[in-house]
Amino acid sequence: MTAGGLAQHTQLISHMGNLGRWVKVLHLLAKMRTLRLQPNVITYNSSIHACGRSNLWQQALALLFEMKHKYLKPDNISYNTSITACERALRPDLIAQLIAEMSRTSIEADLVTYNASISSCEKISDWAGALHVLFSMHQRLIQPDVVTFGASISACEKGSEWLAALDLLEDIHRRRLQANVVVNSAAISACAKCSNWQYALWILQDMEAQELMGDVVAYSSAITACKKGAAWESALELLRDMKQVGPLPNLITYCTSISACERASQWHAAMWLFEELQGQSFVPNLIAYSATISACDKGSLWQQALWHLEESGLLSVMHAKCCTGWVLVLTFLSSAVANRVANRILLVPMAKHSLFLSLATSAAQLAAYALLLLSRSWQQPSGRPFLLFVADFWIPLFLTGLCEGCFYPLVFSAAAKLPGGLVQVLNQSIVPYTVLFSALLMGRSYEPLQLLGVAVVLLGVLFAVGMPLGLHAESLEI
């Protein structure tokens, strides 16, 4: 009965784990403990697999630790599923610890183990770590496959290590492994990042010799290498090959080709490609327009440049940004003027009406911010994101407004009884208040240099108002 119940629960956990239903898996595991059914290694492996598929690497490692705590010896599958969970969580440090633990417990790490480790290094652009794992495989006489080399080359591509990527590609050929399109594309992209267009073209030619059809990514990466290497003619040849034998170029391919011609001051070729781009039913993006306009500028074709500028909508965007800039300037100037008028002119004669002054100042600032919101809503008619933000965070926003409403009467009441110089010190209290508000309510973190800047501002104000009157007058005369 007990054995049947254990097998039934283990089979059910394995089924739920394959479906990714980790909550049901953990519920069944807890139910087994209640029924006093001791989970075996297969049960734990299925549970770890379910947690790993759902990116619950902490829970997966906790189950692995629970196995050892209950004197169950984890096997190769236990560690590999845990390592795969850590690989999805981008934790190569934990993977290295698990591999070391496998070595201490005499469990052989296999190809799956090392591939997961290299893939984790590739995802965080740790090319040195990936090559270190690959070297460890050579030491343990574990033969890498195409997946191993593909992840290692991709890691080198992200780290702009094109020489290492080419060495790995040569190693694939020496081992008589068949490099697929993805592996070759990663090597071409590594060459493109370092402007080595000759090697990128060599890889494409080698793919053709192996009767391996390059995809759009491979050709686009090679054209990018030609663009960075000022080889615009080679870029156009690649584009012509794509149109003749495939794969068909996409918008990115055309944009890269136009940029290659623009960099080489070949404005006629850039304009021809732009017209061809429009004839292919592609909608030109900002990159295509910018490269074409720049090419027209280099060819002294200012009329065509203005036409493309108007067609792209950049003129309206620039006009809207200028209007926004003026609105921002007027907004903060009006707010500053209202604050200074209230503090410098009206505060002394109306010391007994500090509540009225605080309400008037708040009304002026609200009007300024309302003007800013109206300007943004005019430029972007859809105000749904703003309304959703208010709906999600109405409690902290309400508390903020309540604090502001209590803050202003206290400021004016205290400022009316302080010497004029200290009023400015009191005004600067808004700086640490803003920092504290954003850190506590909005979860923002500040660097030490930013906090030092806040302290310098406050110290500067304190020093300015604390200067002796005579020294202050002398500094003004100078």
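Checking LYS243 against (1) modelled with pLDDT under 90; (2) closer than 23 Å to GLY159 by Cβ, which single condition isn't satisfied?
(2)
Residue-by-condition table, conditions (1) free of Cβ contacts under 8 Å to residues at least 12 places away in the same chain; (2) touching a Leu at 6+ places or on another chain (Cβ under 8 Å):
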position	(1), (2)
GLU211	yes, no
LEU238	no, yes
MET242	no, yes
VAL245	yes, no
LEU248	no, no
LEU251	no, yes
SER257	no, yes
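Go through ALA264, ALA235 for me and flag whichever is out of contact with any His (no Cβ under 7 Å at 6 or more places or on another chain), crowded, with 20+ Cβ neighbours inside 10 Å and among the aliphatic types (A, V, I, L, M). Give the derivation first.
Details: ALA264 fails: crowded, with 20+ Cβ neighbours inside 10 Å.
Just a single option satisfies the conditions, and that option is ALA235.
Tell me, which helices (runs of 4 or more DSSP H) wholly within the range 41-156 include 1 or more residues that are surrounded by fewer than 24 Cβ atoms within 10 Å (Cβ to Cβ) and in contact with a Cys (Cβ under 6 Å, 6 or more places away or on another chain)? Don't jump to the end; show me each part of the working.
On the way: elements: 41-53, 57-69, 76-88, 92-104, 111-123, 127-139.
Ranges flagged: 57-69, 92-104, 127-139.
Looking at the structure I just gave you, is GLU233 of a type in the set (D, E, K, R), within 25 Å of ILE118 (Cα to Cα) and free of Cβ contacts under 8 Å to residues at least 12 places away in the same chain?
On the way: of a type in the set (D, E, K, R): yes; within 25 Å of ILE118 (Cα to Cα): no; free of Cβ contacts under 8 Å to residues at least 12 places away in the same chain: yes.
Criteria not met by GLU233.
The values are calculated or read from the model by the stated rules, or taken from the named source; none is laboratory data. Not measured: the values here are computed from a predicted model. All Cβ positions, glycine included, derive from the backbone under ideal geometry; neighbour counts span all protein chains shown.
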